[in-house]
Ligand code: KMH
Ligand code: ZN
């Protein structure tokens, strides 16, 4: 069974002042994703920035970026509905109207560094239902032990498909679980059977926890969203060095990478839905045409 490698080229927080190689504009993000695909990534986890580098849920910017990526490669598109702490929930949720194959679902309100990550229960339920109706596979981002229970409640309410649930165990966000092997193990032990999971290790434990997760049977994610550094004191010169060190890790652990078709199977990605979205002028299917 292959490892699904996700590239996360641009998160919601870091700026080019933090790392000048951070891609922020559509063509820069597309270049980074296409290079990662060539190196073996099968999923692209996407955030967008406006012309000033601020996080945005602008549908035009999203559509342009996804179009540039899809012209270059068939990587599976996973839109972040986390977007950025400053963006209202409704705008974030509207991104699923672009009908990516996957999108993140953040189940709970939480402190996030010095900010606040707003995911009110009723809004999360509405977004989960919309994703279910559109056939968009959620990636469930769990930052704390109770977030897993919140996801399982959504499943029990029928808002999440219980087949091959997909989790990101996020470690290292201030306000969530610390980036320790102990926390990772605790969460892995509690995951439902038959799920697909990866660690999102934010900060300097990124490499170590990614290695531990791979050894435990998880998938992998790499990119500047999660760490700006290749090693202590050395900024990564773009996403590619982080992608390459992960593909080397996979190889050294005697594992193989899943291609896009295998990733689709492993994730049990739903067939495209036929439900019409509310505003057809702003919606069309995006990403891999499989
Ligand atoms: N950077 C992650 C820790 C999402 O993409 O939905 C938080 C995040 C959530 O960006
Ligand atoms: Zn993200």
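What is the number of the single condition among (1) in a strand (DSSP E or B); (2) within 24 Å of residue 157 (Cβ to Cβ) that residue 107 does not meet?
With (1) in a strand (DSSP E or B); (2) within 24 Å of residue 157 (Cβ to Cβ) applied to residue 107, the lone miss is (1).
Determine if the range 171-185 includes at least one residue that is surrounded by 16 or more Cβ atoms within 10 Å (Cβ to Cβ), within 14 Å of ligand 2 (Cβ to nearest atom) and over 25 Å from residue 24 (Cα atoms).
Among the residues of the range 171-185, at least one is surrounded by 16 or more Cβ atoms within 10 Å (Cβ to Cβ), within 14 Å of ligand 2 (Cβ to nearest atom) and over 25 Å from residue 24 (Cα atoms), which makes the answer yes.
Checking the structure you have, find out if any residue of the range 132-145 is buried (at least 21 other Cβ atoms within 10 Å of the Cβ), modelled with pLDDT of 95 or more, in contact with a helix residue (DSSP H, G or I) (Cβ under 9 Å, 6 or more places away or on another chain) and in a loop (DSSP other than H, G, I, E, B).
Yes, there is a match, as at least one residue in the range 132-145 is buried (at least 21 other Cβ atoms within 10 Å of the Cβ), modelled with pLDDT of 95 or more, in contact with a helix residue (DSSP H, G or I) (Cβ under 9 Å, 6 or more places away or on another chain) and in a loop (DSSP other than H, G, I, E, B).
Out of (1) at pLDDT below 95; (2) surrounded by 14 or more Cβ atoms within 10 Å (Cβ to Cβ), what's the single condition that is false for residue 271?
Evaluating residue 271 over (1) at pLDDT below 95; (2) surrounded by 14 or more Cβ atoms within 10 Å (Cβ to Cβ) leaves (2) as the failure.
Okay, residues lined up against (1) within 14 Å of ligand 2 (Cβ to nearest atom); (2) closer than 20 Å to residue 94 by Cβ; (3) touching a residue at least 24 places away in the same chain (Cβ under 8 Å); (4) not in a loop (DSSP other than H, G, I, E, B):
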site	(1), (2), (3), (4)
12	yes, yes, yes, no
19	no, no, yes, no
34	no, no, yes, yes
37	no, no, yes, yes
53	no, no, yes, no
63	no, yes, yes, yes
67	no, yes, yes, yes
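Considering only residues of the range 177-190 that are in contact with a strand residue (DSSP E or B) (Cβ under 6 Å, 6 or more places away or on another chain) and under 28 Å from residue 126 (Cβ atoms), which is nearest to ligand 1 (Cβ to nearest atom)?
177
Check the range 152-165 and report whether any residue there is in contact with a strand residue (DSSP E or B) (Cβ under 6 Å, 6 or more places away or on another chain) and without any contact (Cβ under 8 Å) to a residue 60 or more places away in the chain.
Checked the range 152-165: no residue is in contact with a strand residue (DSSP E or B) (Cβ under 6 Å, 6 or more places away or on another chain) and without any contact (Cβ under 8 Å) to a residue 60 or more places away in the chain.
Just to be sure before I move on: is residue 95 within 12 Å of ligand 1 (Cβ to nearest atom) and touching a helix residue (DSSP H, G or I) at 6+ places or on another chain (Cβ under 7 Å) in the structure I sent?
Against the criterion (within 12 Å of ligand 1 (Cβ to nearest atom) and touching a helix residue (DSSP H, G or I) at 6+ places or on another chain (Cβ under 7 Å)), residue 95 qualifies.
Would you mention how many residues in the range 88-106 are in contact with a strand residue (DSSP E or B) (Cβ under 6 Å, 6 or more places away or on another chain) and either within 15 Å of ligand 2 (Cβ to nearest atom) or at pLDDT below 95 (or both)?
8
The values are calculated or read from the model by the stated rules, or taken from the named source; none is laboratory data. From a predicted model like this one, the values you see are computed outputs, not experimental measurements. Because the Cβ atoms are built from the backbone with ideal geometry, glycine has one as well, and the counts that use them run over all protein chains shown.
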